[in-house]
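J.: If you scroll down you'll find the structure; I have some questions about it.
The values are calculated or read from the model by the stated rules, or taken from the named source; none is laboratory data. All of these numbers come straight from a predicted model, not from anything done at the bench. Positions of Cβ are backbone-derived with ideal geometry, glycine not excepted, and every protein chain shown enters the neighbour counts. The accessibility values were calculated without ligands, DNA or RNA, using every heavy atom of the protein model including side chains. Shrake-Rupley method; radii C 1.70, N 1.55, O 1.52, S 1.80 Å.
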Amino acid sequence: NSGVMSLLRPLLLDVVPTIQQTAALALGRLANYNDDLAEAVVKGDILPQLVCSLSEQNRFYKKAAAFVLRAVGKHSPQLAQAIVQCGALEMLVICLEDFDPGVKEAASWALGYIARHNSELSQAVVDAGAVPLLVLCIQEPEIALKRIAASTLSDISKHSPELAQTVVDAGAIAHLAQMILNPDAKLKRQVLSALSQIAKHSVDLAELVVEAEIFPVVLTCLKDSDEYVKKNGATLIREIAKHTPELSQLIVNAGGVAAVIDCIGSCRGTVRLPGIMMLGYVAAHSENLSMAVIVSKGIPPLCACLIEEHEDHIKAAAAWALEQVGRHTPEHARAVAVANVLPALLAMYMDTRSSEDLQMKASIFTKKALKNILQKCTYLPALEPLLHDAPPNIMKHIVGQFSKVLPHDSKARRLFVTTGGLKKVQEIKAEPGSLLQEYINTINNCYPEEIVR
């Protein structure tokens, strides 16, 4: 407000190098603060001046100038576009070849902040020739430089298969894969993130990541003390598992399912989310893969997520994953029912119905999960408790299962009377002619009239 911007600009051309650097640093900090100030840097015609002097100044100035570009570019695609238009990318790419690791780091960071907004900006970074140099940067000895370069490769890869392919063609996967075992947690986070962003786009890219022999090495990340390493490790496994049954099978064979299940059991909150999704994807592919999740004792921790977690999207993901496990055959459904999942799903469904649109999604997921598991479940002891609490739209699926099993199973028919199930069925108010009424009639027809009365 005091007009500092216009006073700082001439100082960028001062004869004393330290004044130039300090002026650049001041502009960077102002621009970093919010997008209005970053906008002011752009409008004040400061960028061309910075770019101009990037090539001839010393390393301290280059770092400060790259910091200003990063601070402006981080706020929005429009501001990042302004940086691209003033020709900064070429200069930043030249800085990636600088002798000083700090300059490379500052340049890499600025490029990452530009590339992360959208695929056009990311493509501009690629076209400026940044990718091969970033791949060289991840091979440098300095940990800080490795981290930022890996992060920037991740930001470039995330938008489209074509951009990820550019990173792959520059030979990034092999170097990234070697760093999964690096002791530095922050570096591991970025490496796992970059590999996930490459693997997520297509089967081919996922297979290239797998061919870099990341299994079973990547499973150690699921036991890491750093929460983000765990989360990014699970995300990488999820992005590979989702594509095909073959890739999921490969993960099962490497012990990946058991490792992810342990991971979900040992942590809380959003760290669990990618692991939950990964189990759902594996189970969705086929009956056998779903059985692998059951055999590895995956159901209890997923059920625990339904009960323990407070956030709807985590609960909804757990409901979805359990549905993928239980929807294949009566045997699968029974494994889910025996673990006492159905009452937890029902409680969650009743809970989410009561509140507004925030939980619309969770409610839809839970209803679908209940319906798909119930339609396969022939294990009556697990269904009976639900007769007392379920709302009508769920009740019809429960009563429907009884109407399928009871006519053919005399032992179940006897039990149904003694446990009070038959009495409960008589109390259900069904619309005449509805599906529910048909199911109730089928059940009643299994018994002599005096028992029904």
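J.: Would you mind checking the tilt of helix 227-241 against the longest principal axis of the Cα atoms of the chain, expressed as 0 to 90 degrees and rounded to 10?
T.: Approximately 70 degrees, to the nearest ten.
J.: Okay, moving on. Give the separation of the Cα centroids, the range 101-120 to the range 388-453, in Å.
T.: Going from one Cα centre to the other spans 65 Å.
J.: So, one more: Could you give the radius of gyration (one decimal) and Dmax (whole number) of the Cα atoms in the chain, in Å?
T.: 29.3, 106
J.: Once the Cα atoms of the range 138-183 are picked out, what are the Rg and Dmax in Å?
T.: Taking only Cα atoms of the range 138-183, I get Rg and Dmax of 10.7, 31 Å.
J.: Using every Cα-Cα pair within the range 97-162, state what percent have a distance larger than 16 Å. Let's see the in-between values first.
T.: On the way: 773 of 2145 pairs.
Looking at the range 97-162, the distances longer than 16 Å represent 36 percent of pairs.
J.: What is the percent carbon and sulfur in the accessible area of the chain, measuring with a 1.4 Å probe over the protein chains and ignoring ligands? Walk me through the numbers before you get to the answer.
T.: Numbers: 10730 of 20000 Å².
Of all accessible area on the chain, carbon and sulfur atoms account for 54 percent.
J.: Could you order Glu431, Glu227 so the one with the most accessible surface comes first? Probe is 1.4 Å.
T.: On the way: Glu431 135, Glu227 80 Å².
The ordering from most to least exposed comes out as Glu431, Glu227.
J.: Still on this structure, please answer the following. Using the beta-carbon distance between Asp204 and His313 and R0 = 30 Å, what value does 1/(1 + (r/R0)^6) give for FRET efficiency, to the nearest 0.05? Please report the intermediate quantities before stating the final value.
T.: Numbers: r = 30 Å, r/R0 = 1.00.
The calculated FRET efficiency here is 0.50.
J.: Another one. Taking the Cα atoms of the range 1-99, what is the range of coordinates along each of the three principal axes, in descending order and whole Å?
T.: 36, 29, 18
J.: Now, a different point. Could you calculate, for the range 320-453, the ratio of the Cα radius of gyration to the Kirkwood radius, expressed as Rg to Rh?
T.: Values: Rg = 15.0 Å, Rh = 15.3 Å.
Reported Rg/Rh, Kirkwood definition of Rh: 0.98.
J.: Normalised by the residues of the range 20-68, what does the relative contact order come to in percent, with Cα pairs under 8 Å and at least six apart?
T.: On the way: 37 pairs, mean separation 27.5, N = 49.
Contact order relative to length: 56 percent.
J.: Rolling a 1.4 angstrom probe over the protein heavy atoms, how many square angstrom per residue are accessible across the chain?
T.: Values: 20000 Å² over 453 residues.
On a per-residue basis, the chain sits at 44 Å².
J.: Only four residue types carry charge here, +1 at the Cβ of Lys and Arg and -1 at the Cβ of Asp and Glu. Report the dipole size of the range 391-453 about the Cα centre in Debye, rounded to the nearest 20. Can you show the working numbers first?
T.: Numbers: 9 positive and 6 negative charges, 45 e Å.
Computed charge dipole of the range 391-453: roughly 220 debye.
J.: Which residue, Tyr447, Val425, His397, has the largest displacement toward the positive end of the dipole of the range 381-453 when charges sit on each Cβ (Lys, Arg +1; Asp, Glu -1)?
T.: Towards the positive end, the residue furthest out is Tyr447.
J.: Please work out whether the range 131-247 counts as rounded, prolate or oblate from its C-alpha gyration tensor, where a ≥ b ≥ c are the square roots of the eigenvalues and a/c under 1.5 means rounded, while otherwise a/b larger than b/c means prolate and anything else oblate?
T.: On the way: a/c = 1.74, a/b = 1.08, b/c = 1.61.
Oblate, since a/c reaches 1.5 and b/c is not below a/b.
J.: What FRET efficiency, computed as 1/(1 + (r/R0)^6) with R0 = 22 Å and r the Cβ-Cβ distance, is obtained for Asn182 and Arg59, rounded to the nearest 0.05? Spell out each step's value before the answer.
T.: Working: r = 26 Å, r/R0 = 1.20.
Between Asn182 and Arg59 the formula returns 0.25.
J.: With a ≥ b ≥ c taken as the square roots of the eigenvalues of the C-alpha gyration tensor of the range 376-453, please select rounded if a/c is under 1.5 and otherwise prolate if a/b is larger than b/c or oblate if it is not?
T.: Working: a/c = 1.42, a/b = 1.12, b/c = 1.26.
Here the range 376-453 falls in the rounded category.
J.: Taking the simple approach of a point 7 Å from Cα along Cα-to-Cβ for both Lys223 and Asp35, what is their distance in nm?
T.: Result: 4.5 nm between the two label points.
J.: Excluding residues fewer than 8 places away in the same chain, name every one of the lysines whose C-alpha is closer than 26 Å to that of Lys297.
T.: Candidates past the 8-residue exclusion: Lys223, Lys230, Lys231, Lys242, Lys315, Lys367, Lys368, Lys371, Lys376.
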